[in-house]
Amino acid sequence: MLLLGDARQVHLRRWGEYFAGRGYDVLAVSLEPADAFPTRFIHVPVPGFLPDALRYPLGCLALRRIVGEFRPDVVSAHFVPNYGLMAALAFRGPWVLSAWGSDIMSVPEKSAFHRWRTRFVLDRAPWVTSDAQVLTEKIHSFGVPADHILTFPYGVDTGLFSPGAPPAQPGPLILSNRKLETLYRIDVVIDAFSAVREALPDAALTVAGDGGEKVKLVQRADSSTGVACIRFIGDVTHDRMPALLREHHIYVSTSPADTTSVSLLEAMAVGLFPIVTDIPANREWITDGENGRLVPPGEATRLAVAIIDAWRDSDLRERAREHNARIIATRGRWVESMRPVHELFDRLCARV
């Protein structure tokens with residue numbers, strides 16, 4: 001298997017580990033450098049000052065040489081506009097395109113060129129994987145036949161992400177761990193926290209992650225009434241995330257658009273009470289008032305009320321904790337969720 005993707009991303013590393021652990025000879029290729037990738041790895045250096053619309057097509061020159069030398073039975077390409085494009089341009093054998101969410105849900109809306117590029121890649125992908133029904137429907141709207149789309153969630157490694165005892169603190173410890181980018185609307189979390197602190201003086205907020213909005217978000221926090229109890233801790237590696245989750249009571253995500261969020265599933269697996277935006281992908285996992293809360297995107301006041309109400313209702317939090325453990329055990333475990341993907345790749349490699 002030739003694995004194409006951004007080698008810095010944990011999803012790609014998990015994918016490589018999974019197939020290598022099941023007997024596949026995996027070679028990962030990426031334009032982004034990575035330390036200690038779990039399989040054989042080739043970094044293709046293309047000047048970073050070039051726009052992405054040029055960098056990835058230029059990378060195809062090296063990719064064709066690698067394909068000729070490695071002769072993969074199948075290619076697994078991740079994220080439509082870059083590595084999906086490279087696979088579409090450079091490979092003629094069996095390949096599978098894995099959409100990650102924003103590459104289908106938001107990138108094509110940027111311009112006519114972005115829509116054309118998305119359609120170009122999807123038209124040439126023999127198979128496409130999707131992690132949520134809402135994403136599958138969007139892929140299908142580009143003309144991909146329904147029977148060529150495999151829908152499965154990127155599940156949780158329950159060996160790492162398992163429940164612990166809730167922290168013994170007088171106020172709610174709240175965690176946001178999405179990237180500090182405009183897409184995720186972390187500003188809404190910061191604004192909501194000021195109202196939470198007025199009602200619950202012992203509350204504290206941890207903002208994990210990094211991104212282009214960090215300076216603005218730190219400035220926003222500094223000017224808020226809750227600044228004394230907001231901490232920005234930067235990026236947290238995947239192996240450290242279970243411990244960080246267990247240090248908190250409530251998980252929040254305020255993205256107005258998403259597919260299945262692995263961060264949400266990990267929080268559910270550890271036992272945090274999830275409060276997330278009321279969007280189709282989150283409704284696949286959360287029923288409002290049963291195993292979490294759903295709030296309208298962009299509404300800090302509604303988010304604050306949900307946090308305060310959840311903290312004051314310990315019975316709801318305990319019921320949600322038990323309910324979410326059952327959901328993860330039933331349909332959110334990484335190994336089980338990858339089984340149909342494994343079967344697809346086996347068929348494409350004629351290994352069965």
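Scanning segment 49-82 for residues that are among the small types (G, A, S) and within 26 Å of M105 (Cβ to Cβ) gives A53, G59, S76, A77. Of all residue pairs spaced 6 or more apart or on separate chains, those with beta-carbon atoms under 7 Å, a first member in segment 64-92 that is over 23 Å from L54 (Cβ atoms) and a second member that is assigned to a strand (DSSP E or B) and hydroxyl-bearing (S, T, Y) are S76/S98.
Taken together, the criteria exclude D25 from residues that are at pLDDT below 95 and of a type in the set (D, E, K, R). The residues in segment 146-164 that are without any contact (Cβ under 8 Å) to a residue 24 or more places away in the chain and surrounded by fewer than 17 Cβ atoms within 10 Å (Cβ to Cβ) can be counted, and the count is 4. Listed by first and then second residue, the pairs with beta-carbon distance under 9 Å, at least 6 apart or on different chains, first residue in segment 218-241 and within 16 Å of E198 (Cα to Cα), second surrounded by 11 or more Cβ atoms within 10 Å (Cβ to Cβ) and acidic (D, E), are S224/D191; T225/E198; G226/E198; C229/D202.
For segment 278-289, filtered to residues that are among the acidic types (D, E) and either part of a loop (DSSP other than H, G, I, E, B) or crowded, with 17+ Cβ neighbours inside 10 Å (or both), the residue that is farthest from the chain's Cα centre (by Cα) is D278.
Of all residues in segment 57-87, those satisfying the criterion of being open to solvent by 10 Å² or more (accessible area, probe 1.4 Å) and either within 21 Å of I139 (Cα to Cα) or touching a Lys or Arg at 6+ places or on another chain (Cβ under 7 Å) (or both) are F79, P81, N82, L85. Count of segment 225-234 residues, restricted to those that are at pLDDT below 95 and either under 25 Å from H11 (Cβ atoms) or surrounded by 13 or more Cβ atoms within 10 Å (Cβ to Cβ) (or both), is 2. Looking across segment 173-187 at every residue that is touching a helix residue (DSSP H, G or I) at 6+ places or on another chain (Cβ under 9 Å) and closer than 17 Å to M268 by Cβ, the one that is surrounded by the most Cβ atoms within 10 Å (Cβ to Cβ) is identified as I174. In segment 5-26, of all residues being open to solvent by 10 Å² or more (accessible area, probe 1.4 Å) and hydrophobic (A, V, I, L, M, F, W, C), the one that is nearest to V96 (Cα to Cα) corresponds to A20. Which condition number in (1) over 30 Å from V134 (Cα atoms); (2) open to solvent by less than 20 Å² (accessible area, probe 1.4 Å) is the one that I190 fails? Condition not satisfied by I190: (1). Among residues of segment 123-145 being more than 15 Å from F79 (Cβ to Cβ) and of a type in the set (G, A, S), the one that is most open to solvent (accessible area, probe 1.4 Å) is S141.
Reported count of residues in segment 210-221, each being touching a strand residue (DSSP E or B) at 6+ places or on another chain (Cβ under 9 Å) and more than 22 Å from R8 (Cα to Cα), is 3. If we scan segment 34-48, do we find a residue that is touching a residue at least 24 places away in the same chain (Cβ under 8 Å), out of contact with any Ser or Thr (no Cβ under 9 Å at 6 or more places or on another chain) and within 26 Å of V107 (Cα to Cα)? Yes, segment 34-48 contains a residue that is touching a residue at least 24 places away in the same chain (Cβ under 8 Å), out of contact with any Ser or Thr (no Cβ under 9 Å at 6 or more places or on another chain) and within 26 Å of V107 (Cα to Cα).
One line per residue, one yes/no per condition, for (1) acidic (D, E); (2) in contact (Cβ under 8 Å) with a residue 60 or more places away in the chain; (3) crowded, with 19+ Cβ neighbours inside 10 Å:
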site: A304; (1), (2), (3): no, yes, yes
site: A310; (1), (2), (3): no, yes, yes
site: D315; (1), (2), (3): yes, no, no
site: R321; (1), (2), (3): no, yes, no
site: R331; (1), (2), (3): no, yes, no
site: V335; (1), (2), (3): no, yes, no
site: R339; (1), (2), (3): no, no, no
site: D346; (1), (2), (3): yes, no, no
site: C349; (1), (2), (3): no, yes, no
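Do we have L97 as in a helix (DSSP H, G or I) and either open to solvent by less than 40 Å² (accessible area, probe 1.4 Å) or over 23 Å from T182 (Cβ atoms) (or both) here? No.
Here's the yes/no breakdown for (1) surrounded by fewer than 21 Cβ atoms within 10 Å (Cβ to Cβ); (2) touching a Gly at 6+ places or on another chain (Cβ under 6 Å); (3) more than 30 Å from Y18 (Cβ to Cβ):
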position	(1), (2), (3)
P242	yes, no, no
I250	no, no, yes
A257	yes, no, no
N291	no, no, no
V295	no, no, yes
G298	yes, no, yes
T301	yes, no, yes
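The values are calculated or read from the model by the stated rules, or taken from the named source; none is laboratory data. All values reported here derive from a predicted model rather than from experimental measurement. We place every Cβ from the backbone using ideal geometry, glycine too, and count neighbours over all the protein chains shown. Heads up: the accessible areas ignore ligands, DNA and RNA and are worked out on the full protein's heavy atoms, side chains in. Shrake-Rupley method; radii C 1.70, N 1.55, O 1.52, S 1.80 Å.
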